[in-house]
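So the structure is just underneath, and the comments pick up after that.
The values are calculated or read from the model by the stated rules, or taken from the named source; none is laboratory data. Model, not experiment: these values are computed from the prediction. Positions of Cβ are generated from backbone atoms using ideal geometry, with glycine treated the same way; all protein chains shown enter the neighbour counts. What goes into the accessible areas is simple: the full protein's heavy atoms, side chains included, and nothing from ligands, DNA or RNA. Shrake-Rupley method; radii C 1.70, N 1.55, O 1.52, S 1.80 Å.
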Amino acid sequence: MTKFLQAVDIKKEYRLGEVTVNALKGVSFEINEAELIVILGPSGSGKSTMLNILGGIETASSGDIFFKGESLDWKNQKALTRYRRKNIGFVFQFYNLLPGLTALENIELSAELSEAPLDAKELLGEVGLADRENHFPNRLSGGEQQRIAIARALCKNPEILLCDEPTGALDSSTGIQVLKLLAQFCRTYRKT
């Protein structure tokens, strides 16, 4: 059986002048389809770097990422763009909502990137914000913005949803709500 997503001996080095920083030192793991995993570690331990490499935003210094048995080609930017566009949904720590678009429009925007998007209005309801459809991001709380960001990432119907500290800027109660929402989406939509 082909593994869904594999990281094999991933290393990432950054050059800062004459100093080399080793952000990742030979990281390997496997993720099964529709599995929900959490990567924990202290600040600066390489979690965001690993997510960016898994999502094809950043390239590894060495090692391989395999998606459904196929290796990502770090040198082929068009192939990496196709991989990101078709397979990856991102939820960023600071939401990255477009301020000139309403909540619904921010979600609908990602549907433009998908061959088989999910229904934006339905997702808005599933994140509990149907009544906020016409609100701009500056009229939404941090927790509401994060739920819009999750709905936006899911709207494009990606196979993999990567969330970089999705509760980092939230209070503990809202953070728990967001984690429950992510677990529910994993089960309901069978997303990894």
In segment 33-51, the residues that are over 16 Å from the mean Cα position of the chain (by Cα), closer than 27 Å to Cys186 by Cβ and open to solvent by 40 Å² or more (accessible area, probe 1.4 Å) = Pro42, Ser43, Ser45
Counting only residues that are out of contact with any helix residue (DSSP H, G or I) (no Cβ under 7 Å at 6 or more places or on another chain) and closer than 11 Å to Lys12 by Cβ, segment 60-76 contains a total of 3
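For segment 1-28: of the residues being basic (Lys, Arg) and surrounded by 12 or more Cβ atoms within 10 Å (Cβ to Cβ), which is nearest to Thr59 (Cα to Cα)?
The initial filter retains those residues of segment 1-28 that are basic (Lys, Arg), namely 3, 11-12, 15, 25.
Right, trim to surrounded by 12 or more Cβ atoms within 10 Å (Cβ to Cβ) and you get 3, 11-12.
Working: Lys3: 21, Lys11: 10, Lys12: 8 Å.
Result: Lys12.
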Would you pick out the residues in segment 1-28 that are in a strand (DSSP E or B) and at positive phi?
-> Asp9, Gly26
Checked Thr188, Thr174 against criteria (in a helix (DSSP H, G or I), open to solvent by 10 Å² or more (accessible area, probe 1.4 Å), within 22 Å of Lys86 (Cβ to Cβ) and modelled with pLDDT under 90); the one match is Thr188
Give the number of residues within segment 151-171 that are among the basic types (Lys, Arg) and in a helix (DSSP H, G or I).
-> 1
If you take just the helices (runs of 4 or more DSSP H) that sit entirely in segment 52-138, which of them hold at least 2 residues that are open to solvent by less than 40 Å² (accessible area, probe 1.4 Å) and within 19 Å of Glu30 (Cα to Cα)?
-> 77-87
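With the requirement that a residue be more than 18 Å from the chain's Cα centre (by Cα), crowded, with 17+ Cβ neighbours inside 10 Å and within 18 Å of Lys180 (Cβ to Cβ), what does segment 139-158 give you? Reasoning before the result, please.
Taking segment 139-158 first, the residues more than 18 Å from the chain's Cα centre (by Cα) are 139-141.
With the extra rule that they be crowded, with 17+ Cβ neighbours inside 10 Å, the set shrinks to 140.
Selection gives nothing.
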Keeping to segment 3-43, report how many residues are among the acidic types (Asp, Glu) and under 18 Å from Glu159 (Cβ atoms).
-> 3
Give me the pairs, please: first residue somewhere in segment 67-95 and at pLDDT 90 or above, second residue anywhere and loosely packed, with under 14 Cβ neighbours inside 10 Å and of a type in the set (S, T, N, Q), beta-carbon distance under 6 Å, and either six or more positions apart or on two chains.
-> Lys68/Thr2; Gly69/Thr2
